[in-house]
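Below is one structure, written out as structure tokens; comments come after it.
The values are calculated or read from the model by the stated rules, or taken from the named source; none is laboratory data. Source: prediction; values computed, not measured. Using ideal geometry, Cβ is built from the backbone for each residue, glycine included, and neighbour counts are taken over all protein chains shown.
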Amino acid sequence: MSDEIRMAFAHPSERAEASATQPCDRISLRDYVVEVEIGAFQLERGHLQRVRFNVVVEVAPLGPIDDDVDQILSYDRVTEAINYELQAERLNLLETLAARVAERILHEPQALRVFVRIEKLDRGPFSLGVEIVRAKGEEASAGQVHEEPPHPRMVYLSNAAITAPQLKGWIDTLVSDDVPLVICVGAADVAAPQAGNALAQRRIDLLAIEQNAWILAARDKRCMVVGTRTELDWAMKNGQVSVWAPSKIVLDAVDGPSASPRDALALVAWFAGEMTAAELLVIGADAPACEVPVRAMAVTEEVVL
């Protein structure tokens with residue numbers, strides 16, 4: 001085996017040493033195995049699989065540390081970075097997870113460069129994985145700037161509110177404010193198909209909500225149906241009125257809602273908490289229990305900000 005091939009499959013600590021361009025110290029995390037739900041394929045949803053992490057962090061030469069743990073980059077900070085990203089949301093790609101773990105580690109003042117290798121261990125009699133290298137400052141050059149997320153006003157529209165003649169006036173009032181606007185709906189007043197499988201039924205019920213979201217979007221061209229956090233973040237920062245299509249966010253949530261999609265208000269209340277909304281305004285229904293400020297109004301009322 002040539003040196004190039006051997007190095008391609010070497011442990012990240014060897015790769016770090018071989019590619020070093022300046023003297024540095026290194027800490028490493030080897031064979032850290034956790035069980036997590038991850039993967040883009042349907043067969044990977046609803047099931048935990050073992051994932052192995054190997055991480056090497058290059059740090060500036062430490063100098064005198066006087067045996068003081070506060071002077072070093074603790075191994076715990078590496079495992080905390082991994083566990084934080086695993087708990088943040090359900091991911092489809094190891095590549096995404098590796099990039100987020102690397103970025104979080106590089107926020108540590110001592111960290112200069114990080115090697116992250118992640119492998120799935122249960123997809124066959126082999127391991128499948130990715131390995132990335134990131135250096136301090138690369139995340140900034142890629143435009144990944146950490147900002148305080150917007151706190152939107154979330155509005156739930158009952159079916160009576162969706163068809164109300166006041167709809168345009170409500171939206172006119174809501175968009176006149178500087179607070180980002182996210183509109184949520186439930187399913188239409190028609191029976192959804194019934195399946196004999198709970199997971200299949202959950203998807204059918206979520207799709208029923210999304211069908212109603214498109215009906216709302218057809219009633220006012222300012223309303224755009226969005227289904228991912230990336231789309232929502234962009235829309236909130238650029239003044240777009242978003243109508244929430246819940247399937248992806250609900251199915252990808254690590255700690256998903258206990259509410260059934262058939263209880264649309266409870267589902268929206270969960271989402272308002274996830275989005276740290278400034279408030280939840282409910283039009284045409286009773287206010288649900290919610291982690292954020294919530295108020296309700298009748299379909300016959302005018303929106304007051």
Name every residue in the range 224-234 that is surrounded by fewer than 20 Cβ atoms within 10 Å (Cβ to Cβ) and either of a type outside the set (G, A, S) or part of a helix (DSSP H, G or I) (or both), in order of residue number.
M224, V225, T228, R229, T230, E231, D233, W234
Checking the structure you have, find out if any residue of the range 169-178 is surrounded by fewer than 16 Cβ atoms within 10 Å (Cβ to Cβ) and among the polar types (S, T, N, Q).
yes
What is the residue count in the range 6-64 for residues that are assigned to a loop (DSSP other than H, G, I, E, B), modelled with pLDDT of 90 or more and more than 29 Å from A253 (Cβ to Cβ)?
0
For residues that are within 24 Å of the chain's Cα centre (by Cα) and buried (at least 16 other Cβ atoms within 10 Å of the Cβ), scanning just the range 188-202, find the one that is farthest from A259 (Cα to Cα).
Q201
Which listed residue is in the same structural domain as P109 (by TED's automatic domain parsing), touching a helix residue (DSSP H, G or I) at 6+ places or on another chain (Cβ under 9 Å), modelled with pLDDT under 95 and not acidic (D, E), from G137, G124:
G137
Within the range 237-244, can one find any residue that is at pLDDT below 95, among the basic types (K, R), in the same structural domain as W170 (by TED's automatic domain parsing) and closer than 29 Å to Q194 by Cβ?
no
Test set (1) assigned to a helix (DSSP H, G or I); (2) free of Cβ contacts under 8 Å to residues at least 40 places away in the same chain; (3) within 22 Å of A188 (Cα to Cα) - G273 fails condition number:
(3)
